[in-house]
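Engineer: Please read through the structure below; I'll follow up with questions.
The values are calculated or read from the model by the stated rules, or taken from the named source; none is laboratory data. The model shown is predicted, which means the values in this text are computed figures rather than measured ones. Note: ideal-geometry Cβ built from the backbone for every residue, glycine included; neighbour counts use all protein chains shown. Side chains are part of the model used for accessible areas, which takes the heavy atoms of the whole protein and leaves out ligands, DNA and RNA. Shrake-Rupley method; radii C 1.70, N 1.55, O 1.52, S 1.80 Å.
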Number of protein chains: 2
Amino acid sequence: MSSDAAVVPFPACPLPLVDTDEVLLGHGSGGRLTAQLVEQLIVPAFRNPALETLDDAALVDAVGDGRRIAFTTDSYVITPIFFRGGDIGELAVNGTINDLAVSGARPLALSLAFILEEGLPLADLRRVIESARAAAARAGVPVVTGDTKVVGRGSADRLFINTSGIGVVPAGRRIGAAEVRAGDAIVVSGTIGDHGVAILSERHGLELDGELCSDTAPLHELAAIALAAAPHLHAMRDPTRGGLAATLVEIASRRGLAVTIDERALPVSDSVRGACEILGLDPLFVANEGKLAAFVPAAEADALVAALRAHPLGRNAARIGEVAAAPAGLVTVATTIGGERIVELPFAEMLPRIC
Amino acid sequence: MSSDAAVVPFPACPLPLVDTDEVLLGHGSGGRLTAQLVEQLIVPAFRNPALETLDDAALVDAVGDGRRIAFTTDSYVITPIFFRGGDIGELAVNGTINDLAVSGARPLALSLAFILEEGLPLADLRRVIESARAAAARAGVPVVTGDTKVVGRGSADRLFINTSGIGVVPAGRRIGAAEVRAGDAIVVSGTIGDHGVAILSERHGLELDGELCSDTAPLHELAAIALAAAPHLHAMRDPTRGGLAATLVEIASRRGLAVTIDERALPVSDSVRGACEILGLDPLFVANEGKLAAFVPAAEADALVAALRAHPLGRNAARIGEVAAAPAGLVTVATTIGGERIVELPFAEMLPRIC
């Protein structure tokens, strides 16, 4: 991805690392602690343009003809490994397809690496492999390489998966956070918060609502639809850990732009809304695993929403907000009761091991 | 990699899965249990030509001009994470560079994904990141994408790393296990068993010999030298888990060919030999992390050895054996005392979490 746009530190006002000499659960939350760890320990060590975009996939000029290889990695440590609407195998495959898709790439191939805890029932492993297989087949993306490691009892929690993926971005396609501009409209492809609320209810055995279900899904078709319907689309994201809020805060602070969201326009299912009220959660901060957020010139927003709605995964697509020049770096929400609030990245998310 | 050669089941006489309904430590050993898990659970689920080669990297036709993208993944769960001669960060970077290099690819980019246990000292994480950085810089391969997850205390053992990597294989280069032929000579780039013996001595606090040290090193330069010195080179491997024995048994059984090794020609350092005698290990079965095994037409073997010896990492390179048509699928060792023994893959290795 280009680095012609100014890259500002993220978060915009970097906090010092919290006063600890140990890794905290919050370092993996997708909140500020994660951002600090990445910005202060990892990015400085490996500094290079592809890494510094911190987009969902890195773009590598592998072939010298303008096409670039998109390359992405994610480890999955979700607990429980089986949940309403999916399991860790399907989640891992979809998640990596999604990181490629929102980077404007056609997904080409996946890797699948297991870390298994001694004593894991082979039946569970078979079930996870089968759902990973089904997810890869559904998306038409082959798993071409893999790895299996086993650690002793108590040295891992059942089963962790890393999926990496590669894809091809056509010559001339420039999308990514660096392309987001004042005047862009923000569109999401459907209801938010489904995955996180489903996991939370599963984990705690809450019988909140029978309809709560992870939204894990592959986004490559929606991404292709978006690119066709909004030819000047600037960026897409897959708002997972930290929810849509983390995506918006990251883009606002990184680009030095203002993001405003209309809370009334945010698609949230009744069951997620009800569960969030009971649990004291804001759906804006809850993880999604099958939703796409797009930043497009305002003139293309309506066509994008209409095109997304024609796909089963996009039927609740909505235009939810806009990007402006000021106040730089801030995300604000116009609330349902007519007020306005500032969205800040939580210090550490309330939901560890959500993906 | 091509699939024009007959692919035979590996191991040649597949054993039924051991009578267990749980994951065993041996499933991660690199021995027969690992082969069974991969062959019986994983490959059948994802069956495709790139995966089925089971070479160190999969080759993907991404760009349609004859060049292929090499893609590989490995998770590292080694314990201890710091050891004589390296640490998990350097090991992970080198290991993935090596999988690309022995596939005939020029390494292009790496990913780096951490699974951290809550409570890990940040100083340890910094040290691992620094050595990963140094290893990537030394090899000139950028880390372009990454991921960080944190799990609670007791849900992982300190720090696991997944590295994946991509590289480019030039058009027309056909190397891989499927290319190995009767008449090939087998060359290794240096002493074997160093990594495994160093880890074992570290883990058990053995003061066997001050010189015991992991051989972790990047092999991209040696691989390039090998390709130049032996223009008809058929295959290269990076014999890690299961040692050189696992590599030889896999190729012999997969290709239905005979492999014969001359034990007197095998480079083994005095300290590794001594440690192996005390510990009852055979260096042939002990992991390496910076050694290359090459299968080349016999006429090119001497030139290859000479070229490897001119590089610091190849100064102990040696021609150690040959490939023949029969007895199909068998690896035999001509022993130092003039006898002959058959090399079989161990059921489960004696050294869990060696990489």
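Engineer: Output the number of residues of region B:318-343 satisfying the condition of being assigned to a loop (DSSP other than H, G, I, E, B), touching a helix residue (DSSP H, G or I) at 6+ places or on another chain (Cβ under 7 Å) and either open to solvent by 60 Å² or more (accessible area, probe 1.4 Å) or among the hydrophobic types (A, V, I, L, M, F, W, C) (or both).
Structural biologist: Taking region B:318-343 first, the residues assigned to a loop (DSSP other than H, G, I, E, B) are B:325-330, B:335-339.
Now restrict to residues that are touching a helix residue (DSSP H, G or I) at 6+ places or on another chain (Cβ under 7 Å): B:329-330, B:335-336.
Subset that is either open to solvent by 60 Å² or more (accessible area, probe 1.4 Å) or among the hydrophobic types (A, V, I, L, M, F, W, C) (or both): B:330, B:336.
Summing the residues that are assigned to a loop (DSSP other than H, G, I, E, B), touching a helix residue (DSSP H, G or I) at 6+ places or on another chain (Cβ under 7 Å) and either open to solvent by 60 Å² or more (accessible area, probe 1.4 Å) or among the hydrophobic types (A, V, I, L, M, F, W, C) (or both) in region B:318-343 gives 2.
Engineer: While we're on this one: Which condition number does B:Ala123 fail, the rest of (1) of a type in the set (A, V, I, L, M); (2) open to solvent by 10 Å² or more (accessible area, probe 1.4 Å); (3) within 13 Å of another protein chain (Cβ to nearest Cβ); (4) under 20 Å from the mean Cα position of the chain (by Cα) being met?
Structural biologist: (4)
Engineer: Another question, if that's okay. Condition first: open to solvent by 20 Å² or more (accessible area, probe 1.4 Å), touching a strand residue (DSSP E or B) at 6+ places or on another chain (Cβ under 8 Å) and more than 25 Å from A:Leu100 (Cβ to Cβ). Now tell me which residues in region B:134-153 satisfy that.
Structural biologist: First pass over region B:134-153, keeping only residues open to solvent by 20 Å² or more (accessible area, probe 1.4 Å): B:134, B:137-138, B:140, B:142, B:146, B:153.
Keeping just the survivors that are touching a strand residue (DSSP E or B) at 6+ places or on another chain (Cβ under 8 Å) gives B:142, B:146, B:153.
Within region B:134-153, just B:Arg153 meets the criteria.
Engineer: When region B:76-89 is examined, which residues are found to be assigned to a strand (DSSP E or B), touching a Lys or Arg at 6+ places or on another chain (Cβ under 9 Å) and more than 9 Å from every other protein chain (Cβ to nearest Cβ)?
Structural biologist: Start the filter on region B:76-89 by keeping residues that are assigned to a strand (DSSP E or B), which leaves B:76, B:82-83, B:86-87.
Now narrow it down to the ones that are touching a Lys or Arg at 6+ places or on another chain (Cβ under 9 Å): B:76, B:82-83, B:87.
Correct list: B:Phe82, B:Phe83, B:Asp87.
Engineer: Within the set of pairs 6+ apart or on separate chains, which have a first residue in region A:22-33 that is more than 7 Å from chain B (Cβ to nearest Cβ), a second that is among the β-branched types (Val, Ile, Thr) and part of a helix (DSSP H, G or I), and C-beta atoms under 8 Å apart?
Structural biologist: Pairs that qualify, where the first residue is more than 7 Å from chain B (Cβ to nearest Cβ) and the partner is among the β-branched types (Val, Ile, Thr) and part of a helix (DSSP H, G or I), are A:Gly26/A:Thr34.
Engineer: So, B:Ala92, is that one more than 9 Å from chain A (Cβ to nearest Cβ) and open to solvent by less than 10 Å² (accessible area, probe 1.4 Å) or not?
Structural biologist: Details: more than 9 Å from chain A (Cβ to nearest Cβ): yes; open to solvent by less than 10 Å² (accessible area, probe 1.4 Å): yes.
It is true that B:Ala92 is more than 9 Å from chain A (Cβ to nearest Cβ) and open to solvent by less than 10 Å² (accessible area, probe 1.4 Å).
Engineer: Name the residues in region B:285-317 that are within 15 Å of B:His220 (Cα to Cα), in contact with a Ser or Thr (Cβ under 7 Å, 6 or more places away or on another chain) and open to solvent by 10 Å² or more (accessible area, probe 1.4 Å), would you?
Structural biologist: B:Lys291, B:Leu313
Engineer: Continuing with the same structure: Can you give me the number of residues within region A:43-75 that are open to solvent by less than 40 Å² (accessible area, probe 1.4 Å), closer than 24 Å to A:Gly167 by Cα and within 7 Å of another protein chain (Cβ to nearest Cβ)?
Structural biologist: 15
Okay, residues lined up against (1) aromatic (Phe, Trp, Tyr); (2) under 19 Å from the mean Cα position of the chain (by Cα); (3) assigned to a strand (DSSP E or B); (4) on the phi > 0 side of the Ramachandran plot:
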residue	(1), (2), (3), (4)
B:Ser131	no, no, no, no
B:Lys149	no, no, yes, no
B:Gly154	no, no, no, yes
B:Val168	no, no, yes, no
B:Gly172	no, no, no, yes
B:Gly196	no, yes, no, no
B:Glu202	no, no, no, no
B:Leu206	no, no, no, no
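Engineer: Just to be sure I understand the filter: pairs with C-beta atoms under 8 Å, separated by 6 or more residues or on different chains, first member in region A:64-87 and more than 29 Å from B:Ala70 (Cα to Cα) and at pLDDT 95 or above, second member open to solvent by less than 20 Å² (accessible area, probe 1.4 Å) and assigned to a strand (DSSP E or B). Which pairs pass?
Structural biologist: From region A:64-87, the pairs are A:Ile81/A:Asp87; A:Ile81/A:Leu159.
Engineer: Can you give me the number of residues within region B:225-248 that are within 15 Å of B:Ala307 (Cβ to Cβ), touching a strand residue (DSSP E or B) at 6+ places or on another chain (Cβ under 8 Å) and open to solvent by 20 Å² or more (accessible area, probe 1.4 Å)?
Structural biologist: Residues that pass the stated criteria total 1.
Engineer: Quick check on this structure: which one of A:Ile192, A:Ile115 is within 11 Å of chain B (Cβ to nearest Cβ) and either crowded, with 23+ Cβ neighbours inside 10 Å or of a type in the set (A, V, I, L, M, F, W, C) (or both)? Spell out the reasoning first.
Structural biologist: On the way: A:Ile192 fails: within 11 Å of chain B (Cβ to nearest Cβ).
Only one candidate passes the filter, namely A:Ile115.
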